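Chemist: Have a look at this one.
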Amino acid sequence: MAEVGFYHLSTTSLERALPRLLERAWSQGYRIVVRAASRERVEHLDAVLWTYEEAAFLPHGSLRDGNPGMQPIWLTCRDENPNRASMIVLTDGLDAGDLSSFHRCADIFDGNDVKAVEAARERWQRVREAGHSVTYWQQTAGGWKRNT
């Protein structure tokens, strides 16, 4: 069973929070798949990861780059795990579907969007009923706070 964390964005955008979450996961040894809703969204997130901070570097790639097995972080809009990731990061309200090939899942959603919050609650219920370990993280001005 996967460990699924729901990340409720409230103080920053996905574009600001995602790089930090990926830095942390990558530093812990995870290979990661980031799933977005469209090819255009993947390209946008790719640009964000190259430019979010001048001195930072997150090794990543997408279909445009090729060689998924060589990429520690793979950006995609497909239901795939071509880099043998042990962690998946879901954006844009996407449902994970089958989590059997992942140890961890981060479901990041916009807490300022009522529909996104409701959809996240529904995803929470589904993964909990499927038997996964579920945690909830609320973004605060001081960082992420785990809520019970």
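Read the figures in this text as sums done on the coordinates, not as results from a lab. This is a predicted model, so every value here is computed, not measured. Cβ sites come from the backbone with ideal geometry, for glycine too, and all protein chains shown count toward neighbours.
Chemist: Out of all the residues in the stretch 129-148, which are in contact (Cβ under 8 Å) with a residue 60 or more places away in the chain, surrounded by fewer than 14 Cβ atoms within 10 Å (Cβ to Cβ) and of a type outside the set (Val, Ile, Thr)?
Modeler: Residues satisfying the conditions are Gly131, Ser133, Ala141.
Chemist: Which residues, counting only those in the stretch 35-51, are buried (at least 17 other Cβ atoms within 10 Å of the Cβ), part of a loop (DSSP other than H, G, I, E, B) and not aliphatic (A, V, I, L, M)?
Modeler: none
Chemist: Further, regarding this structure: Could you count how many residues in the stretch 1-40 are of a type in the set (Asp, Glu) and free of Cβ contacts under 8 Å to residues at least 24 places away in the same chain?
Modeler: Summing the residues that are of a type in the set (Asp, Glu) and free of Cβ contacts under 8 Å to residues at least 24 places away in the same chain in the stretch 1-40 gives 1.
Chemist: Would you please name the residue that is surrounded by the most Cβ atoms within 10 Å (Cβ to Cβ), looking only at residues in the stretch 24-34 that are in a helix (DSSP H, G or I) and in contact with a strand residue (DSSP E or B) (Cβ under 9 Å, 6 or more places away or on another chain)?
Modeler: Result: Ala25.
Chemist: Could I ask something else about it? Would you check if Leu75 is surrounded by 13 or more Cβ atoms within 10 Å (Cβ to Cβ), under 20 Å from Ile108 (Cα atoms), touching a Ser or Thr at 6+ places or on another chain (Cβ under 7 Å) and of a type outside the set (S, T, N, Q)?
Modeler: Spelling it out, Leu75 is indeed surrounded by 13 or more Cβ atoms within 10 Å (Cβ to Cβ), under 20 Å from Ile108 (Cα atoms), touching a Ser or Thr at 6+ places or on another chain (Cβ under 7 Å) and of a type outside the set (S, T, N, Q).
Chemist: Against the condition among the hydrophobic types (A, V, I, L, M, F, W, C), under 26 Å from Arg126 (Cα atoms) and in contact with a Leu (Cβ under 6 Å, 6 or more places away or on another chain), how does Val34 come out, does it pass?
Modeler: yes
Chemist: Moving to a separate point now. Out of the strands (runs of 3 or more DSSP E) lying entirely within the stretch 61-137, which hold 2 or more residues that are closer than 16 Å to Ser10 by Cα and of a type outside the set (A, V, I, L, M, F, W, C)?
Modeler: 104-110
Chemist: When only residues in the stretch 1-23 that are acidic (Asp, Glu) and part of a helix (DSSP H, G or I) count, which is nearest to Asn112 (Cα to Cα)?
Modeler: Glu15
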